[in-house]
Amino acid sequence: METSFALIGFLIVFPLVVAALLLVVRPEGPRKVVVCISAALIAVASVALVLMNLGASCTLLAFESEALDFVGTGVSLVVAAVVIGFAIRYRNLWAALLAVVQIAGTLVLEFVFAHEIEVPYGLYFDSLSLLMTFIIGVVGSGICVYALGYMEDFQAHEPAGAKDRRPTFFALMFVFLSAMYVIVFSNNMEWMYTGWEVTTLCSFLLIGYTKTDEAIRNAFRQIIMNMAGGIGFLVALYACALTMGTFSFYEFLVMGANNPQLAALAVTALAFAGITKAAQMPFHTWLLGAMVAPTPTSALLHSSTMVKAGVFLLVKLAPVLHVSPAPSVMVMLVGGITFVLCSFMAISQSNAKRVLAYSTIANLGLIVACAGVGTAEAVWAACFLILFHAIAKSLLFLCVGTAEHHIGSRDIEDMDLLFDRMPRLARFMMLGIMCMFIAPFGMLLAKWATLVSFVDTHQVALIIILAFGSAATFMFWAKWLGKLAGIAGTPDNVEVTVKPTEWVSLLLMACLLVLACVFLPVISNVLVEPYVLSVYNLAGQDISADNLWLASLCVIVVVVVLFAGVGKNQKKRKVNVYLAGVGRDDDTRSFQNSLSGTTQATTRNWYMESVFGEKRIAPVGVAFNSLIMAATFVISYLASPLFL
């Protein structure tokens, strides 16, 4: 136990030390050394903590410090003060007002309500925490390494004489990792709130990294929406102090499961905070706007970690949501509506990062819906959705970033012949896409488990939503996959200049994805099932172990076929392109048609903007989800002891 405690302390404190070091280490060479070594140490420590505690149920660690309570309060105030400073500089009234509300609320909470509440067990971990530890430590660290090569190219494209702000960029990434560990390991909800707000500020600064008008505008959209969620978290803390007399997250969950009426307002407020952080409609636009940031920001904050903080909180709340009708319906409907509508809107997108953004929001919606259902089976499915989405989306974001730097575009329609132009990268990208929607990869198995949980709980509306949303998912992924798989001609290979750090990270993500799919039954037995059993005293796995292992074998076959021949220096034989007619020009893929004219063979996707466009669909989701959340807050307040 002492070793686990030391590792948790290391994972929280060490990234902060690295961040401080990176602010002063400005040369390229030393920065690479610091980032690579630090990332490796964080990954090793994370894996060590996971391996040492496989199968762990909730383990509370005695750690109480009044000084840390004040430090947490101070950090929250600093976050708000920084936001106020930027709000004044860029004349953003809403950000300033929310920050003032946060400052006032934090001070009143600390000095009026919280000073008498003690949480002797300030830290904790369980199997779900360990799953998140793996994602943060291994996937997050891998993205930091990838950023070295990417940001070198990014800086090279900056105007001559532009200030090099990469030390700040890398420092923020490591601060973000530390804040995520605080969220995952804090049993003291005040400490969790501090980590929550730090991730919000880091995201704000990273989205606005380029300081263009578009980046600043989108950064403020993010901070306004997430600070609204932070105020929701603050409301939950007030409700806990007034009705339950505790800030222990473990005690809150136990009391809430036994007396849902007592915890109704706090659960609703926490669910609202999780929904904003997970970018669910009507808060989805902050994540879409965040795509203007450099690709490592998208991969770290908006696929593998920050948005996962929102769904992590909601999955932790699942046992309480299961017995709380109003908050449960809110979470289910918000997640379900977001899943189906964002899946539809992804069809109309040709910008690869925007497709990934809508897909991210949609998949997070499915996880949110599972948390709202709150059964053992739904939580089992949600855990695997979190895992596979984090790895696959990180891989895809990194692939798109590298492709953009080498083909000059992130548009799917410009990825013709990518299989020849960037053969390794195209295969990595295809692997990530297949994992998102094709059997036998893990994401589809998790979706099947989701469907089973919806059927078992007779959630007819969610079953219909899952069916239509999955059909839309198939359409936008299949279009992209087909574009990558098309081969005609022998263009020059442009991936020879990809940085080694990028290849290392891409290979890491690809290997993690394959290993996670192949060893899904093992992960279920040693991480996911122990968590479900500790919470529900029931098994959550509805798919037989034999079928899971059969899917694992099929994954191996698919991966071997996909990567067969990669790396072989074999001489390619160039042949004319066959276009079912007399060829006129192989380079432009033109052929003689039946009227002896010239026709160019093209492959272009169908986007149906008039049917699935954002302007048509988004207002529907925004209106429905806003009404649902407002109604739930009213119902929860009227049912809480604060009103009665």
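With the checklist (1) touching a Pro at 6+ places or on another chain (Cβ under 6 Å); (2) surrounded by fewer than 24 Cβ atoms within 10 Å (Cβ to Cβ) in hand, flag the one item S348 doesn't pass.
S348 satisfies every listed condition except (1).
Out of contact with any Pro (no Cβ under 8 Å at 6 or more places or on another chain), assigned to a helix (DSSP H, G or I) and crowded, with 24+ Cβ neighbours inside 10 Å: does that describe L321?
Taking the combined requirement at face value, the residue does not satisfy it.
Scan segment 498-509 and give yes if some residue there is under 27 Å from K32 (Cα atoms), in a helix (DSSP H, G or I), open to solvent by less than 30 Å² (accessible area, probe 1.4 Å) and out of contact with any Gly (no Cβ under 8 Å at 6 or more places or on another chain), otherwise no.
Within segment 498-509 (the criterion being under 27 Å from K32 (Cα atoms), in a helix (DSSP H, G or I), open to solvent by less than 30 Å² (accessible area, probe 1.4 Å) and out of contact with any Gly (no Cβ under 8 Å at 6 or more places or on another chain)), the answer is yes, since at least one residue qualifies.
Out of segment 206-220, which residues are in a helix (DSSP H, G or I) and either touching an Asp or Glu at 6+ places or on another chain (Cβ under 6 Å) or crowded, with 20+ Cβ neighbours inside 10 Å (or both)?
Result: L206, I207, N218, A219, F220.
Pick from A446, A472: which is open to solvent by less than 10 Å² (accessible area, probe 1.4 Å), under 19 Å from G540 (Cα atoms) and assigned to a helix (DSSP H, G or I)?
A446
For residues that are touching a Ser or Thr at 6+ places or on another chain (Cβ under 9 Å), open to solvent by 20 Å² or more (accessible area, probe 1.4 Å) and closer than 22 Å to L364 by Cβ, tally how many sit in segment 252-276.
Within segment 252-276, residues that are touching a Ser or Thr at 6+ places or on another chain (Cβ under 9 Å), open to solvent by 20 Å² or more (accessible area, probe 1.4 Å) and closer than 22 Å to L364 by Cβ number 1.
If you go through segment 101-108 one residue at a time, do you hit one that is under 23 Å from C202 (Cα atoms), touching a Gly at 6+ places or on another chain (Cβ under 7 Å) and not hydroxyl-bearing (S, T, Y)? Even if it seems obvious, please write down each step before you answer.
Our first condition is that a residue be under 23 Å from C202 (Cα atoms); within segment 101-108, this holds for 101-107.
This time we only want the ones that are touching a Gly at 6+ places or on another chain (Cβ under 7 Å), so: 102.
Subsequent filtering for residues that are not hydroxyl-bearing (S, T, Y) retains 102.
Yes, segment 101-108 contains at least one residue that is under 23 Å from C202 (Cα atoms), touching a Gly at 6+ places or on another chain (Cβ under 7 Å) and not hydroxyl-bearing (S, T, Y).
With the checklist (1) part of a loop (DSSP other than H, G, I, E, B); (2) within 14 Å of the chain's Cα centre (by Cα) in hand, flag the one item A382 doesn't pass.
So A382 meets the others, but not (1).
Picking from Y181, Y124, Y193, which residue would you name as being within 20 Å of A43 (Cα to Cα) and part of a helix (DSSP H, G or I)?
Sole residue among the options that is within 20 Å of A43 (Cα to Cα) and part of a helix (DSSP H, G or I): Y181.
Tell me the residue from S348, S359 that is within 15 Å of the chain's Cα centre (by Cα) and either farther than 21 Å from F384 by Cβ or of a type in the set (S, T, Y) (or both), please.
Details: S348 fails: within 15 Å of the chain's Cα centre (by Cα).
Only one candidate passes the filter, namely S359.
Quickly run through segment 221-233 and pick out the residues that are open to solvent by 10 Å² or more (accessible area, probe 1.4 Å) and touching a Gly at 6+ places or on another chain (Cβ under 8 Å).
R221, I231
Report the residue count in segment 43-70 for those that are in a helix (DSSP H, G or I), open to solvent by 60 Å² or more (accessible area, probe 1.4 Å) and in contact (Cβ under 8 Å) with a residue 60 or more places away in the chain. I'd like the intermediate steps shown before the answer.
Taking segment 43-70 and keeping what is in a helix (DSSP H, G or I), we get 43-52, 66-70.
When the remaining residues are screened for being open to solvent by 60 Å² or more (accessible area, probe 1.4 Å), the result is 44, 51-52, 66-68, 70.
Next, from what is left, pick out any that are in contact (Cβ under 8 Å) with a residue 60 or more places away in the chain: 68.
Number satisfying all stated conditions: 1.
Just for segment 622-643: of the residues that are within 15 Å of V331 (Cβ to Cβ) and of a type in the set (G, A, S), which one is surrounded by the fewest Cβ atoms within 10 Å (Cβ to Cβ)?
A630
What number of residues in segment 449-464 are on the phi < 0 side of the Ramachandran plot and either crowded, with 20+ Cβ neighbours inside 10 Å or not aliphatic (A, V, I, L, M) (or both)?
As a first pass, look at segment 449-464 and keep what is on the phi < 0 side of the Ramachandran plot: 449-457, 459-464.
Right, trim to either crowded, with 20+ Cβ neighbours inside 10 Å or not aliphatic (A, V, I, L, M) (or both) and you get 449-450, 453-454, 456-457, 459, 462.
Residues in segment 449-464 being on the phi < 0 side of the Ramachandran plot and either crowded, with 20+ Cβ neighbours inside 10 Å or not aliphatic (A, V, I, L, M) (or both): 8 in total.
Going through G581, G540 one at a time, which residue ends up being assigned to a loop (DSSP other than H, G, I, E, B), over 30 Å from L425 (Cα atoms), modelled with pLDDT of 75 or more and open to solvent by less than 80 Å² (accessible area, probe 1.4 Å)?
Working: G581 fails: modelled with pLDDT of 75 or more.
Answer to the check: G540.
Select from segment 93-127 the residues that are more than 30 Å from L51 (Cα to Cα) and surrounded by 20 or more Cβ atoms within 10 Å (Cβ to Cβ) and write down the one among them that is modelled with the lowest pLDDT. Show your work before the answer.
From segment 93-127, those more than 30 Å from L51 (Cα to Cα) are 93-118; that's our starting set.
Within this subset, residues satisfying the condition of being surrounded by 20 or more Cβ atoms within 10 Å (Cβ to Cβ) are 95, 98-99, 102, 106, 109, 114.
Numbers: A95: 95, L98: 95, A99: 96, Q102: 94, T106: 93, L109: 92, A114: 80.
The residue in question is A114.
Looking at segment 387-396, can you tell me whether even one residue there is open to solvent by 10 Å² or more (accessible area, probe 1.4 Å) and either hydroxyl-bearing (S, T, Y) or farther than 30 Å from V320 by Cα (or both)?
For segment 387-396, residues open to solvent by 10 Å² or more (accessible area, probe 1.4 Å) and either hydroxyl-bearing (S, T, Y) or farther than 30 Å from V320 by Cα (or both): absent.
I'd like to check something: does segment 157-168 contain any residue that is assigned to a helix (DSSP H, G or I), open to solvent by less than 20 Å² (accessible area, probe 1.4 Å) and not charged (D, E, K, R)?
yes
The values are calculated or read from the model by the stated rules, or taken from the named source; none is laboratory data. Quick caveat: nothing in here was measured; it's all calculated off a predicted structure. Here Cβ is always computed from backbone atoms with ideal geometry, including for glycine, and neighbour counts include all displayed protein chains. For accessibility, only protein heavy atoms count, side chains too; no ligands or nucleic acids. Shrake-Rupley method; radii C 1.70, N 1.55, O 1.52, S 1.80 Å.
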